[in-house]
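Single-structure report; data block below.
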Amino acid sequence: MLSTVTFSLRRHQRNAHMSNPQRPSEEEQQPALFCSIGSPTTSISKQELRETVEKFLHSLGARDDVLLLPPDFTRFHSQAGTITRFISEYYNFTEREEEEDEDDATRATSASSPSIQIIPALGTHAPMKHEQIELMFGSNLANKKTCNRNDNSNNSGSSPFVVHNWRDDVVTIGYAPEEMVVNATHGMVKEKWPAQLNKLVWEKRIQREESDGSNLEDVDEAANSNAAGAPQNQRRKRNPHPLVISIGQVVPHEVTGMANYNKNLFVGVGGVEAINLSHFIGAVHGMEKLMGRGTNPLREILNYSSSKYLEQELDLWYILTVMGPSSSPSSDDDPNGGVEMKGLFIGRDVKCYDLACNLSLKVNFNLLQRSPKKVVVYLNEEYHSTWLGNKSIYRTRMAIDDGGELIVLAPWVETFGEDDCIDKLIRNVGYVGTPEIMKAMENDEELKSNLSAVAHLIHGSSEGRFSVTYCPGKLTKGEVESVGYNYADLEKMNRVYNVETLRDGWNFRTDENGSKEEFYYISNPALGLWAHPSRFEEESSTSTAQKNVAISSNQEASDGSGGVGGWKKPPR
């Protein structure tokens, strides 16, 4: 049963078919919040999800061009893939999947058939493989081929999925003020934060022609420098009102406090300078001051940039989900992995995000009445590096008792970084605590050019407050200990902590001497944040100013990266 439901179905088709729409007045604009559905006990079915998405799309009117920004495979359980498929099917872009036997008479479809492009918000992860796309978005969409209207060749078409390319496809659209960065880093960094987007997203700006023609000059100037030769204003008039939909899950996050919303744009399809600096800001501000907080200095930077540069330029909507453990028992072959949708929020500004955050804290935030001395975390096949697997540290560090131990069962972990460059930096520096990491950065130009690597090393350090024991499937004892972690044999630890019999939460085991041991088990660290009340209390509003640090303006990135810091430097 659904609870806390808000809908707004007022149409705003007035400008949908105009080649040169005027800026809508305050009264004409679509209300900022379309729907707010959910509670900790809600379970939103696939049918209810589809119906809500279709009502939302119907309220927007006919469109010629739709750009979708879902997450990548690391957010498989967000249901973003299913939502993307529903949108594609509503717009007649793909047929419905065969396993659905819904009555044809009940199927809602759009009167228009727009072109659709999909840019998975990779952030710092590797591009999705075809089999991942098929599993997440369905076979029809994964195998869809589209024809370029400007291509007269006889090729078989291209995929609607576009790979975010940091090297060539990023544009800086503005800056957040330096004073915001200074505040967020306690005075350590005195730089403006660049708001960067994939160029394809920025090309979807709403074309408006004011009565005095004042906005045509910038368009014409851009056309004069257009290497393709076609005047940009003519090209955009053929696509007068594109729709951009960002899709994703709101959940506690180690860098921005809570994931998604405009992070999906500025980080998910952003540029290396912005991503590296944002991760560094989050690290030096303090993870434990950010985690689980929807409002924080880093998020204020993103919100400032969103309000100033996105909201008036793009017809941009957010579809946000909140996922939690299923209320009914799941089988081993459950495609949802024992997870169900607890909330669905659709809107175009921060209110939508705030509502999702409020529910996520109730669903995904686990406040423990006592701090465990030992926490055991299992990492599934999605985690093949400590770069990804250290979510086990991020999400539990606020719960573990002083002097406690975190045991990470990681059968698929085989490396530290997601590319050779970052892997080398991790091996050279290690997870050795903030003071040592910052000291290493002072004398290492490569670290200065990889702020996200620095942030990752800080995030993955226990600061000496508790120990971390990694049990990897494919890293040696020497490798693990060289970066500052303890090592334990995976096979041996699997016998001690059998994940097939453990339940999430408090567990007890009796050792060979008859002594009882209590520990806290987490089967999927991506689904929540665990903390003790004493570590989640509001920090003092006063912060001690820190030593200013020099950072490189040429942020590094490497090909094939699946971790923060990846890809080559953008061309200048």
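Across the range 269-274, coupling constants 3J(HN,Hα) worked out from phi with the 6.51/-1.76/1.60 Karplus curve, θ = phi - 60°, read 10, x, x, 5, 5, 5 Hz, and Gly and Pro carry x. Amide hydrogen proximity for Y521: with H placed 1.01 Å from N in the peptide plane, the residues at 5 or more positions away or on another chain lying under 5 Å are V376, G505, W506, N507.
Placing a pseudo-label 7 Å from each Cα along the Cα-to-Cβ vector at K192 and E518 gives an inter-label distance of 5.5 nm.
Rounded to whole numbers, the Karplus 3J(HN,Hα) couplings from phi for the range 132-143 are 5, 4, 5, 5, 7, 10, x, 5, 4, 6, 5, 9 Hz, using 6.51 cos²θ - 1.76 cosθ + 1.60 with θ = phi - 60°, and x at Gly and Pro. Charged side chains reduced to their Cβ positions (Lys and Arg at +1, Asp and Glu at -1) give the range 243-401 a dipole of some 700 debye around its Cα centre.
Between the range 294-314 and the range 28-72, the alpha-carbon centres lie 21 Å apart. Karplus-based coupling profile of the range 355-371, in residue order and whole Hz: 5, 5, 4, 4, 6, 4, 5, 6, 8, 9, 9, 10, 8, 8, 6, 9, 7, with θ = phi - 60° in 6.51 cos²θ - 1.76 cosθ + 1.60 and x standing for Gly or Pro. In this structure E179 has an accessible area near 130 Å², from a 1.4 Å probe over the protein heavy atoms. Each label was represented as a point 7 Å from its Cα along the Cα-to-Cβ direction; for E203 and K439 these points are 5.0 nm apart. Looking at the square roots a ≥ b ≥ c of the eigenvalues of the Cα gyration tensor of the range 401-481, which shape do they give, rounded for a/c under 1.5, prolate if a/b is larger than b/c, or oblate? Oblate, since a/c reaches 1.5 and b/c is not below a/b. Counted by Cβ distance under 15 Å from S482, the other residues give a net charge of -1, where Lys and Arg count +1 and Asp and Glu count -1. Taking label points 7 Å from Cα along the Cα-to-Cβ direction, M493 and R465 give a separation of 2.1 nm.
Below 12 angstrom from the Cβ of S112, what's the summed charge of the other residues (Lys, Arg +1; Asp, Glu -1)?
Within the 12 Å Cβ shell, the charges total -1.
Residues whose amide H lies under 5 Å from that of T146, counting only those 5 or more places away or on a different chain, are S158, S159; hydrogens are built 1.01 Å from N in the peptide plane. The amide H of G174, built 1.01 Å from its N in the peptide plane, has A195 as neighbours under 5 Å, considering only residues 5 or more places off or on other chains.
The values are calculated or read from the model by the stated rules, or taken from the named source; none is laboratory data. Computed from a prediction, not measured in an experiment: that's the story for all the values here. Ideal geometry is used to build each Cβ from the backbone, glycine not excepted, and the neighbour counts take in all protein chains shown. Only protein heavy atoms, including side chains, enter the accessible area calculation; ligands, DNA and RNA are left aside. Shrake-Rupley method; radii C 1.70, N 1.55, O 1.52, S 1.80 Å.
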